[in-house]
Structure formats: structure tokens, C-alpha cells
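Report on the structure given below.
The values are calculated or read from the model by the stated rules, or taken from the named source; none is laboratory data. All values derive from a computational prediction rather than experimental measurement. Neighbour counts are summed over all protein chains in view; Cβ atoms, including those assigned to glycine, are modelled from backbone coordinates with ideal geometry. For accessibility, only protein heavy atoms count, side chains too; no ligands or nucleic acids. Shrake-Rupley method; radii C 1.70, N 1.55, O 1.52, S 1.80 Å.
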Amino acid sequence: MEGREYTIITTKITKRMREVIEEYIKRNLHVTISDFVRDAIREKLERDAPHLVEGVFKGEKIDKVFADNR
């Protein structure tokens, strides 16, 4: 994906949580755990901070978006 810069985030989850996620993936449209996690993060941000997400995806700098929404 041209123009995007990526980073890796690592976290620990319980074995049971992973099993639940894997079963969810089998039954839904997510291809991988990474896809599931990206969607979960995006949905959380869109639900809890839509004004921040909107600004960032419009191409505004993150520090400006946060400064404008204090």
C-alpha cells in the first residue's frame, strides 16, 4: 500500500481469547488475526473518538488533531 508507513504492535492475550478470536475468524469475514485486530482497533476509535479518526484520515497531522479536540 503505497504512501502508508506501518508499525508493529505486540500484545499478550490469553490462550482462550485467542481460541475465541480464531473461531470468530472462521465464521466471519476476517482472513487473519491481524485483520481482526486492525478492524477491532478501527471500530473502537471510530466509536469512542470519531472526531480524531476523521481528522487523521483527512491527512491532518496527529498532534494538530489532538490539539484541536482537547
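Full extension of the chain segment joining Val53 with Lys26 gains 6.8 nm, where the gain is 0.36 nm per residue of separation less the Cα-Cα distance. The listed residues Leu29, Leu52, Leu45 rank as Leu29, Leu45, Leu52 when sorted by accessible area, largest first, using a 1.4 Å probe. The 3J(HN,Hα) values that the Karplus relation (6.51, -1.76, 1.60; θ = phi - 60°) gives for the stretch 25-30 are, in residue order, 4, 4, 8, 10, 8, 6 Hz. Gly and Pro appear as x. Label-to-label distance for Thr14 and Lys44 is 1.7 nm, based on points extended 7 Å past Cα in the beta-carbon direction.
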